[in-house]
There are 2 protein chains.
Amino acid sequence: MAEGKPKYVLSYFNVKALAEPIRLLLSYGNIDFEDRRISKEDWPKFKASMPNGQMPVLQIGNKTTFQHLAICRYLGKQFGLAGSNDWEAFEIDMAVDTITDLRTKAVVVFYEPNESIKETKYVQLLSETIPNILKKLEEMAAVNKGHMALGKLTWADFLLAGLIDYMNLICRQDLTANCPNLKAAINSVTSLPASKAWNAKAPKTDM
Amino acid sequence: MAEGKPKYVLSYFNVKALAEPIRLLLSYGNIDFEDRRISKEDWPKFKASMPNGQMPVLQIGNKTTFQHLAICRYLGKQFGLAGSNDWEAFEIDMAVDTITDLRTKAVVVFYEPNESIKETKYVQLLSETIPNILKKLEEMAAVNKGHMALGKLTWADFLLAGLIDYMNLICRQDLTANCPNLKAAINSVTSLPASKAWNAKAPKTDM
């Protein structure tokens, strides 16, 4: 680590989920970060020390940062992936919040502890909620020629690419199966040399 | 409307909820906007014309914008309420995403159609989820001397102040009852002359 550069430590569980967009962005930015993975068994020991009792948490030098979207937006700015003016940043944010809509609608059903309620809720999720938001996301990606915003690579593409395995799991489908433009947006990130290098060395996890 | 200035049209239901932070921000920015309120009866006629089939939608000149957080962040930038550098914007975003966590956790229970499931879920929401996030938000507001971030007025304060009636309803409590610093953050917005002028002329609604 060069002098003067802050040390980056990312804390999360041993999964991709909310941390993977951050890991992909840090890799893209050529940031040598510590990828600290906390096991489910150890989590109770760490929970109280985390802001909001949640992860991901990204330590940047002496600053403790949290909330995956806020972290991704900040990193996006540092690496030239956040648009070049307020309108462009706005367009990225609209895409990001729509991706988040899909995730938050699905995640609450995925983590429903009552199996009967869970299956009932998946019916509506799969027949209505997911197709509606997915249609909009695919339209956005089509307008933007295989990206989520601005017709070029932005941190919204990194968010989607990082989350997609997790989103596919909680949505019980390959979300890109009939969405070639969303697939292209994801590929625009995963095909980057930095992403390939990261994926080659990253622990293999299902989500 | 002066020549050259874009026309602002905000579309939402006849409630505060997700649109009120936008209305307060537009008022603060001295923007003469059309406050278009669509009745529940008329909504099916309009739904297909809205991005994502959702509101709020803010028309800015010939641009159609959506997602309340993206809109608030953009307006915050226009009105000098978004911090003066990337770190400051980051701190605001962390507060905003934590407010959003509280809202999204509660709203899914509030709109649960099955009364029995709903009441079961409110038990955990009221005993655990809400107190945990509320504690964090009050700590943030204490550190920031009665604001949500940066120790001064930002669009995060407008978000909280605009959402609070809706949040109190879905959280089944006065969230500020034991949170003097959150109350101060809200007051920092509602006590502004522009907010007072807006509230004096705004339709009266419960949430």
Margin query: Any residue that is more than 22 Å from A:PRO21 (Cα to Cα), of a type in the set (Asp, Glu) and modelled with pLDDT of 95 or more - is there at least one of those in segment A:86-100?
Written below: yes
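I'd like the full set of residues that are small (Gly, Ala, Ser) and within 14 Å of B:GLN67 (Cβ to Cβ), limited to segment A:70-105.
Kept after step one, since they are small (Gly, Ala, Ser), are these residues of segment A:70-105: A:70, A:76, A:80, A:82-84, A:89, A:95.
Within segment A:70-105, A:ALA89, A:ALA95 qualify.
Working only within segment B:85-104, note down all residues that are free of Cβ contacts under 8 Å to residues at least 24 places away in the same chain and either facing chain A (nearest Cβ under 7 Å) or among the hydrophobic types (A, V, I, L, M, F, W, C) (or both).
So in segment B:85-104, the residues free of Cβ contacts under 8 Å to residues at least 24 places away in the same chain come out as B:85-87, B:89-90, B:93, B:97, B:104.
Hits for segment B:85-104 are B:ASP86, B:TRP87, B:ALA89, B:PHE90, B:ASP93, B:ASP97, B:THR104.
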Check: How many of the residues in segment B:29-78 are loosely packed, with under 15 Cβ neighbours inside 10 Å, touching a helix residue (DSSP H, G or I) at 6+ places or on another chain (Cβ under 8 Å) and more than 13 Å from chain A (Cβ to nearest Cβ)?
Finding: 1
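Taking segment B:126-157, which residues are within 12 Å of chain A (Cβ to nearest Cβ) and of a type outside the set (Val, Ile, Thr)?
Restricting attention to segment B:126-157, the residues satisfying the condition of being within 12 Å of chain A (Cβ to nearest Cβ) are B:128-129, B:131-137, B:139-140, B:143, B:149, B:156.
Those that are within 12 Å of chain A (Cβ to nearest Cβ) and of a type outside the set (Val, Ile, Thr): B:GLU128, B:PRO131, B:ASN132, B:LEU134, B:LYS135, B:LYS136, B:LEU137, B:GLU139, B:MET140, B:ALA149, B:ALA156.
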Check: Residue check, A:TRP155 against (1) in contact with a Cys (Cβ under 6 Å, 6 or more places away or on another chain); (2) open to solvent by 50 Å² or more (accessible area, probe 1.4 Å), all met but one. Which one?
Finding: (2)
Next item on the list: Being surrounded by 15 or more Cβ atoms within 10 Å (Cβ to Cβ) and out of contact with any Lys or Arg (no Cβ under 9 Å at 6 or more places or on another chain) narrows it down to one of B:ALA197, B:ALA184, B:ALA141, B:ALA149, so name that one.
Entry: B:ALA149
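The values are calculated or read from the model by the stated rules, or taken from the named source; none is laboratory data. Since the structure is predicted, the reported quantities are computational estimates derived from the model, not experimental observations. Quick reminder, even Gly has a Cβ in these numbers, built from the backbone with ideal geometry, and neighbours come from all protein chains shown. Quick note on the areas: whole protein, heavy atoms, side chains included, nothing else; ligands and nucleic acids left out. Shrake-Rupley method; radii C 1.70, N 1.55, O 1.52, S 1.80 Å.
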